[in-house]
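Below: the structure, in structure tokens.
The values are calculated or read from the model by the stated rules, or taken from the named source; none is laboratory data. Just so we're clear, the structure is a prediction, and the values are computed from it rather than from any experiment. Cβ: placed from backbone, ideal geometry, glycine included. Neighbour counts: every protein chain shown.
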Amino acid sequence: MINKSSEHIEESWELVKFLSSEEGQKIGALEGARAPTIESLYEDEDVTEANELFAIQSSRKRSIMPWHGR
């Protein structure tokens with residue numbers, strides 16, 4: 001979110017675009033141990049070697065409420 005009163009709206013938008021890009025998320029995963037939101041990065045060898053938890057795949061999503069699976 002960018003504050004509309006910011007003196008650097010264009011620069012802020014460029015930062016947001018970079019941080020949400022594949023390159024930015026890969027750097028975040030490698031340097032900051034932040035889990036990427038781009039699924040393909042979980043198959044990237046650099047990312048999975050940097051943090052073994054990023055290589056773990058769950059078998060299926062589970063619902064919290066018992067009636068959701070019906």
Looking across the range 41-55 at residues that are surrounded by fewer than 13 Cβ atoms within 10 Å (Cβ to Cβ) and charged (D, E, K, R), the single one that is farthest from residue 22 (Cα to Cα) is 52
Which one is modelled with the highest pLDDT, of the residues in the range 1-40 that are more than 30 Å from residue 55 (Cβ to Cβ) and surrounded by 13 or more Cβ atoms within 10 Å (Cβ to Cβ)?
-> 12
Pairs returned, first residue in the range 1-26 that is among the hydroxyl-bearing types (Ser, Thr, Tyr), second residue that is not in a loop (DSSP other than H, G, I, E, B), beta-carbon separation under 9 angstrom, 6 or more apart or interchain, are 6/12
Quick one: count up the residues across the range 1-44 that are closer than 26 Å to residue 56 by Cα, among the aliphatic types (A, V, I, L, M) and not in a loop (DSSP other than H, G, I, E, B).
-> 5
Limited to the range 1-33, what total is found for residues that are of a type in the set (Phe, Trp, Tyr) and within 12 Å of residue 46 (Cα to Cα)?
-> 0
